[in-house]
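K.L.:
One structure, as structure tokens, below. Some questions next.
The values are calculated or read from the model by the stated rules, or taken from the named source; none is laboratory data. Just so we're clear, the structure is a prediction, and the values are computed from it rather than from any experiment. Cβ atoms come from the backbone with ideal geometry, glycine included; neighbour counts cover every protein chain shown. Surface areas here come from the heavy atoms of the whole protein model, side chains and all, with no ligands, DNA or RNA. Shrake-Rupley method; radii C 1.70, N 1.55, O 1.52, S 1.80 Å.
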Amino acid sequence: MHKNLLHVICGISIIAVACNNGESKAAGNSPDTTTSISAENNSADSTGKPVETEKPNTDYKPAFAGQTRIAGVKTKTPYEFTVITSDLKNPWGIAQLPDGSLLITEKGGTMRLVTKDGKVSDKITGAPAVNSNGQGGLLGLTLDPAFKQNRMVYWVFSEKQPDGNLTAVAKGKLSEDGKTLQNATVIYRATPAHKSSLHYGGRILFDKKGYLMVSTGERSDIETRPLAQSLQGGLGKIVRITTDGKPAPGNPFANDKNARPEIWSYGHRNVQGLAWHPVTGDLWENEFGPRGGDELNRIEAGKNYGWPAITYGIEYAGPKISDGATQKAGMEQPVYYWDPVLSPSGMAFYSGDAIPEWKNNLFIGGLSSMHIARLVIKDNKVVGEERLLRGENERFRDVFNGSDGALYAVTDGGELYRIGKKK
């Protein structure tokens, strides 16, 4: 059943807490109503104050100015959003076919096609079975750059093994009628397997050379955390592989006998967002911190991003991690971090022309925070932050940059949103 959305903008006082960040929702109206955000009530470009007003979990100090709680900004251009459908079941990842329809994974183990007008297909068959317990399931996906010719799809999922579960990558050919994945094959497994239902990572992208970038998690448990620092395991990594699952040529540890040759970067906790900057071509990622300390990183080959040796978060129960260390030699600092957490998931840089002020901004789906974070980035630093669709009270699982100049987002509740310039 579709969900209607009605918002009341609270005026120029854009930081007023009582206005719920300028947006509120009323239910029970007709489906597919488009909600507009007007320029008149959205006129300030910067609040001058951080959008985060809650008390942090720690007293840790950032390594540099602007690493956290940057000044808030507000979109000037009138924009609108529509719930295209509410009929998905725990959607997780989005890809767009050449005809404009969206191929979407569902956590339980299925994929579906959604047309521009919101028609949802039957389950696409043919994918390997997933272990959907906990945070597992059918996760991120991407299309082959030559999809028009070969119709190949690549995806990440949690796979049951005799000794536990692991993050796996598969590929298959989407049939011409869009009903099945043909000759689906598992091409990569991030070993070792572990008996946990948490922290699978799960995002996947192609690079410009036609190789796959895949994120894995360190599986959360105390005994597996150190594997994020180990070059001999596939946990807590970003790996770069061929479409056959082999280590891609040119990887930073290709000539290191004590390292896995597929590793691109390491020291990650649970990477659930990957995106290429449309101008610089740099790879950016976000990852879950523990209690506080969610991170945004710019990824460089061979670099160590610190987990669990350094972090701006603490254990969920309260104790410090690694004696409270937030900086160490040889380990990268996050470009930005959140405390309290954003709970970041899928993300995308906006490369459309419809809303010029969004050009090259980064949009991140927030889960527990229940909004989409817009980050303005300049010279590899975050210089502004905005919270979009906060009044929807939805866990935003993925954000995708559409070919029509709009953003698309899916939520754990089953909604698919289109966010674009007001018509």
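K.L.:
Indicate the gyration tensor shape class of the chain (rounded, prolate or oblate), computed on the Cα atoms with a ≥ b ≥ c the square roots of the eigenvalues: a/c under 1.5 is rounded; otherwise a/b larger than b/c is prolate and the rest oblate.
P.N.:
Oblate.
K.L.:
Moving on. Using the Cα centre of the chain as the reference point, and only Cβ charges (+1 on K/R, -1 on D/E), how large is the resulting charge dipole? Debye, rounded to the nearest 20.
P.N.:
Here the size comes out at about 380 debye.
K.L.:
From the phi angles alone, apply the Karplus equation (6.51, -1.76, 1.60; θ = phi - 60°) to region 341-346 and give each ³J(HN,Hα) in whole Hz, x where the residue is Gly or Pro.
P.N.:
6, 8, 6, x, 10, x
K.L.:
Let me ask something else. Let a ≥ b ≥ c be the square roots of the eigenvalues of the Cα gyration tensor of region 101-259; is it rounded (a/c under 1.5), or, if not, prolate (a/b larger than b/c) or oblate?
P.N.:
In terms of gyration-tensor shape, oblate.
K.L.:
For region 126-209, rounded, prolate or oblate, judged on the Cα gyration tensor with a ≥ b ≥ c (square roots of eigenvalues), a/c < 1.5 rounded, else prolate if a/b > b/c?
P.N.:
Note, shape of region 126-209 comes out prolate.
K.L.:
Pop out the carbon and sulfur fraction of the accessible area of region 92-236 as a percent, whole number, probe 1.4 Å.
P.N.:
48
K.L.:
Mind jotting down the distance between the C-alpha centroids of region 216-248 and region 157-176, whole Å?
P.N.:
Each part's Cα centre sits 15 Å from the other's.
K.L.:
Averaging sequence separations of C-alpha pairs under 8 Å and six or more residues apart, then dividing by the length of the chain, give the relative contact order as a whole percent.
P.N.:
Relative contact order for the chain comes out at 15 percent.
K.L.:
Which ³J(HN,Hα) values, rounded to whole Hz and listed in residue order, are derived for region 268-280 from phi using the Karplus coefficients 6.51, -1.76 and 1.60 in 6.51 cos²θ - 1.76 cosθ + 1.60 with θ = phi - 60°, glycine and proline given as x?
P.N.:
Each residue of region 268-280 in turn: 9, 8, 7, 7, 10, x, 9, 7, 8, 5, x, 9, 7 Hz.
K.L.:
Continuing with the same structure: Can you compute the FRET efficiency between ASP244 and PHE64 using 1/(1 + (r/R0)^6), with r the Cβ-Cβ distance and R0 = 41 Å? Round to the nearest 0.05.
P.N.:
Between ASP244 and PHE64 the formula returns 0.50.
K.L.:
Can you pull the percent of region 321-365's accessible area that's carbon plus sulfur, 1.4 Å probe, other chains left in place?
P.N.:
47
K.L.:
While we're looking at this one, here's another question. Can you give me the accessible area per residue for the chain, using a 1.4 Å probe, in Å²?
P.N.:
On a per-residue basis, the chain sits at 40 Å².
K.L.:
Run the helix sum for the chain: -39,500 (n - 2.57) per DSSP H stretch of 4+ residues, divided by residue count, reported at 222 nm to the nearest 500 deg cm²/dmol.
P.N.:
About 0 deg cm²/dmol.
K.L.:
Tell me, what HN-Hα J-couplings in whole Hz come from the Karplus equation 6.51 cos²θ - 1.76 cosθ + 1.60 at θ = phi - 60° for each residue of region 381-392, using x for Gly and Pro?
P.N.:
After applying 6.51 cos²θ - 1.76 cosθ + 1.60, I find 10, 7, 10, x, 9, 9, 10, 9, 6, 5, x, 6 Hz.
K.L.:
Now for a separate question. Looking at the chain as a GNM with Cα springs under 10 Å, which of MET111, MET213, MET347 has the largest mean-square fluctuation?
P.N.:
MET213
K.L.:
Please build a GNM for the chain, connecting alpha carbons under 10 Å apart, and tell me which residue among LEU97, LEU205, LEU231 fluctuates the most.
P.N.:
Evaluated over the chain, the most mobile residue of the options is LEU97.
K.L.:
Any chance you could check the Cα centroid distance between region 346-423 and region 50-112 for me, in angstrom?
P.N.:
5
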